[in-house]
1. Does A267 fit the bill of being over 18 Å from M200 (Cβ atoms), touching a residue at least 24 places away in the same chain (Cβ under 8 Å) and either in a loop (DSSP other than H, G, I, E, B) or in contact with a Phe, Trp or Tyr (Cβ under 8 Å, 6 or more places away or on another chain) (or both)?
2. Taking the options D262, D258, name whichever one is at pLDDT 95 or above, under 30 Å from S90 (Cβ atoms), among the charged types (D, E, K, R) and crowded, with 17+ Cβ neighbours inside 10 Å.
3. Can you say whether I66 is in contact (Cβ under 8 Å) with a residue 12 or more places away in the chain, in contact with a strand residue (DSSP E or B) (Cβ under 8 Å, 6 or more places away or on another chain) and more than 16 Å from the ligand (Cβ to nearest atom), as far as the supplied structure shows?
4. Quick one: count up the residues across the stretch 184-199 that are outside any helix (DSSP H, G or I) and either within 16 Å of the ligand (Cβ to nearest atom) or at positive phi (or both).
5. Taking the condition at positive phi and buried (at least 17 other Cβ atoms within 10 Å of the Cβ), does G177 pass?
6. Do the conditions hold for I133, that is, is it away from the ligand (no atom under 16 Å from the Cβ), part of a loop (DSSP other than H, G, I, E, B) and of a type in the set (A, V, I, L, M)?
7. Kindly indicate the residue of the stretch 84-126 that is of a type in the set (S, T, Y) and away from the ligand (no atom under 11 Å from the Cβ) and also nearest to Q293 (Cα to Cα) among those meeting that condition.
Amino acid sequence: MKNIFGITYNDLEAYFLSNNDKSFRATQLYDFLYKKRVFDLTKMNNIPNTTKEKLNTDFDFSFIKIIKKQEDTDVKKYLFELTDGNRIESVLMYHNYGISLCVSSQVGCNMGCKFCESGRLKKVRNLETYEIIEQLLLIEADLNIRITHIVVMGIGEPFDNYDNVMNFIRIVTSNKGIDLGSRHITVSTCGVIPGIIKFMHDFDQVNLAISLHAPNDTIRNKIMPISKAYPLNKLMKTIKEYIKLTNRRVTFEYIMLDDINDSLECAKELAKLLKGMNCYVNLIPYNETENIQFKRSKKVQILTFYDILKKNGIAVTIRREFGGNVDAACGQLRAKSN
Ligand code: SF4
């Protein structure tokens with residue numbers, strides 16, 4: 001039985017029509033679920049009982065469970081248990097421009113980035129669409145807030161779970177329901193080229209972020225095994241096509257690892273690689289974890305790296321740090337949740 005929170009508006013409409021019901025039932029149901037946040041069928045007063053009974057036999061209305069919440073200034077980390085006992089995490093961040101939620105897309109991850117705590121647990125399975133939607137619904141209900149931005153940047157590689165993540169985007173952007181603007185959503189990939197190509201045609205208004213983390217294949221191969229399958233020249237060619245087609249600015253994430261990718265030569269090489277592109281670079285001070293040997297770049301090194309990019313005309317920021325005290329920072333999810 002499918003969970004109702006994984007059903008797109010179009011599929012719901014098709015469902016009602018195929019059951020000789022009215023297509024506007026989809027609008028009514030979406031309105032209860034996503035606008036009024038009424039999840040109990042018995043409380044949906046304008047839907048006829050026959051329709052409710054059918055919905056009750058055809059769909060599962062259950063939720064995943066919040067089992068732990070950790071809080072720090074401007075950040076909250078949630079640990080969820082799925083119905084099969086697997087666990088995932090989401091991180092909520094308060095910014096000056098709104099409230100963003102970083103959702104997970106898989107249980108574990110197969111991409112094997114060497115600096116990533118989340119990827120130490122191999123992929124167990126993809127998340128279903130409803131399991132991604134429910135991260136948002138439960139956190140909004142818990143805090144009585146509305147999330148304004150979503151980043152698909154938690155545990156997992158979104159393009160390794162393409163269909164479920166894209167249905168998640170269809171549901172959160174539907175104007176019949178949550179109605180979040182496409183431009184308020186960012187999908188982050190470690191560089192899965194076929195996913196980027198598909199994505200640029202399917203969702204040309206949703207933001208794309210690339211976990212780059214190195215200016216050449218030699219360093220990238222050492223820290224991101226994916227680059228052996230999708231080398232940098234092919235990745236950059238695809239990103240240029242993406243920018244040409246969508247006219248959107250791409251974000252490059254660059255984790256600063258001491259003595260690995262933070263030299264002045266790396267900064268110059270990166271500037272050369274990105275010259276003239278509609279992009280910006282987000283330098284991320286690395287969050288050290290017990291299990292991984294990499295160290296955070298020294299502050300002066302990060303600032304010098306930043307300056308070199310800036311002087312070479314590359315738009316760049318140093319990411320404000322979130323959640324280090326609750327292990328909610330980038331690459332720390334699932335580090336200590338069990
Ligand atoms: S950084 Fe992202 S893609 Fe790489 S292992 Fe971690 S979760 Fe997977």
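1. Working: over 18 Å from M200 (Cβ atoms): yes; touching a residue at least 24 places away in the same chain (Cβ under 8 Å): yes; either in a loop (DSSP other than H, G, I, E, B) or in contact with a Phe, Trp or Tyr (Cβ under 8 Å, 6 or more places away or on another chain) (or both): yes.
Here the answer is yes, as A267 does meet what is asked.
2. On the way: D258 fails: crowded, with 17+ Cβ neighbours inside 10 Å.
Matching residue, one of D262, D258: D262.
3. Values: in contact (Cβ under 8 Å) with a residue 12 or more places away in the chain: yes; in contact with a strand residue (DSSP E or B) (Cβ under 8 Å, 6 or more places away or on another chain): yes; more than 16 Å from the ligand (Cβ to nearest atom): yes.
Against the criterion (in contact (Cβ under 8 Å) with a residue 12 or more places away in the chain, in contact with a strand residue (DSSP E or B) (Cβ under 8 Å, 6 or more places away or on another chain) and more than 16 Å from the ligand (Cβ to nearest atom)), I66 qualifies.
4. We begin by selecting, within the stretch 184-199, every residue outside any helix (DSSP H, G or I); these are 185-192.
Next cut, either within 16 Å of the ligand (Cβ to nearest atom) or at positive phi (or both) only: 186-192.
Final tally of qualifying residues: 7.
5. Working: at positive phi: no; buried (at least 17 other Cβ atoms within 10 Å of the Cβ): yes.
No; evaluated as a whole, the condition is false for this residue.
6. Considered against the rule, which asks whether it is away from the ligand (no atom under 16 Å from the Cβ), part of a loop (DSSP other than H, G, I, E, B) and of a type in the set (A, V, I, L, M), I133 comes out as no.
7. Step one: of the stretch 84-126, the residues of a type in the set (S, T, Y) are 90, 94, 97, 100, 104-105, 118.
Right, trim to away from the ligand (no atom under 11 Å from the Cβ) and you get 90, 94, 97, 100.
On the way: S90: 25, Y94: 30, Y97: 35, S100: 30 Å.
So the residue we want is S90.
To keep it simple, each residue is scored yes or no on (1) surrounded by fewer than 21 Cβ atoms within 10 Å (Cβ to Cβ); (2) within 17 Å of N247 (Cβ to Cβ); (3) touching a residue at least 12 places away in the same chain (Cβ under 8 Å).
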{"residue": "G154", "(1), (2), (3)": "no, no, yes"}
{"residue": "P158", "(1), (2), (3)": "no, no, yes"}
{"residue": "Y162", "(1), (2), (3)": "yes, no, yes"}
{"residue": "I171", "(1), (2), (3)": "no, no, yes"}
{"residue": "T186", "(1), (2), (3)": "yes, yes, yes"}
{"residue": "C190", "(1), (2), (3)": "no, no, yes"}
{"residue": "D202", "(1), (2), (3)": "yes, yes, yes"}
{"residue": "Q205", "(1), (2), (3)": "yes, yes, yes"}
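The values are calculated or read from the model by the stated rules, or taken from the named source; none is laboratory data. Since the structure is predicted, the reported quantities are computational estimates derived from the model, not experimental observations. A quick note on method: Cβ atoms are made from the backbone with ideal geometry, for glycine too, and the neighbour counts reach across all protein chains shown.
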